[in-house]
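Any read-out appearing in this document is the output of simple, stated calculations on the displayed coordinates, not a laboratory observation. The shown structure was predicted, so the numbers you read here are calculated from the model rather than taken from an experiment.
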Amino acid sequence: MADFVQTTVNKTAVRDLAVPIADVTSFNNLVQSVIDDNPFGCVGYTGADGQPVAPVVRNREHYTAKVNFIDGEGKRVGTVSLQSPTIAAFEANAAEVLANAALEAAMGGEAVRNGPGETYYAQLKCHDPSGDDYYVTFTRKTVRISSYQDDAIRTAVEAWADAVASLD
């Protein structure tokens, strides 16, 4: 019988943030700055379909809005959680729930946005000059590097993160 032979070593590293990223605008600005500024030195390439691929691209993302329903005594009587594929949908969906009088009546309380309870997720795909692809994933509370092989990648991302005040 043939044995499995390890061919690659893919690593993951996580940085837990001392303070969660404040809001979706700050989060998006951080993610977009990585795409625009390419601080890790990623390179573009030609995809299997013959089309050019940028050095850093959004691979997947989702944003979860939270709305609490508070009764006349200040108690939470209900919660709605809305996972959306984009920031625009995140904001629109939250606004729709906040403006929905029938839902407020059914829940028995006033709709109030729970900003601190909301979550954001964006995964960037980066193409290293060595030819390897790796991922940098942002949430409100963490930054994760995954599927990298060369420790120089972790070092480059870590050096960048050290210079970004919101990522302490």
Residue by residue through region 68-85, what is 3J(HN,Hα) from phi via Karplus (6.51 cos²θ - 1.76 cosθ + 1.60, θ = phi - 60°)? Round to whole Hz and write x for glycine and proline. 9, 10, 10, 7, x, 9, x, 8, 6, 10, x, 9, 10, 10, 10, 8, 10, x
Would you look at the GNM of the chain, springs on alpha carbons closer than 10 Å, and say which of Ser33, Ser84, Ser130 moves the most? Ser130
Most fluctuating residue given options Val34, Val56, Val77, as computed from a GNM of the chain linking Cα atoms under 10 Å: Val77
Honestly region 33-168 on the Cα gyration tensor test (a ≥ b ≥ c root eigenvalues; a/c under 1.5 rounded, otherwise a/b vs b/c for prolate or oblate) is just prolate
Give me the percent relative contact order of region 30-125, please, defined on Cα pairs under 8 angstrom at least 6 residues apart. 33 percent
Can you return the aspartates and glutamates within cross-link range of Lys75? Criterion is Cα-Cα under 20 Å, with same-chain partners fewer than 8 residues away left out. Glu104, Glu110, Glu118
To make sure I understand the rule: partners must be lysines, Cα under 21 Å from the Cα of Lys125, and not fewer than 8 residues away in the same chain. Which ones qualify? Lys11, Lys141
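Determine the shape class of region 1-46: with a ≥ b ≥ c the square roots of the Cα gyration tensor eigenvalues, call it rounded for a/c under 1.5, and otherwise prolate if a/b is greater than b/c, oblate otherwise.
Oblate, since a/c reaches 1.5 and b/c is not below a/b.
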How high is the relative contact order of the chain, in percent, with contacts defined as C-alpha pairs under 8 Å that are six or more residues apart? 30 percent
Angle in degrees between helix 87-98 and the longest Cα principal axis of the chain, rounded to the nearest 10: 10 degrees
For Leu17, the residues 5 or more places away or on another chain with a placed amide H closer than 5 Å to its own amide H are Thr142, Val143
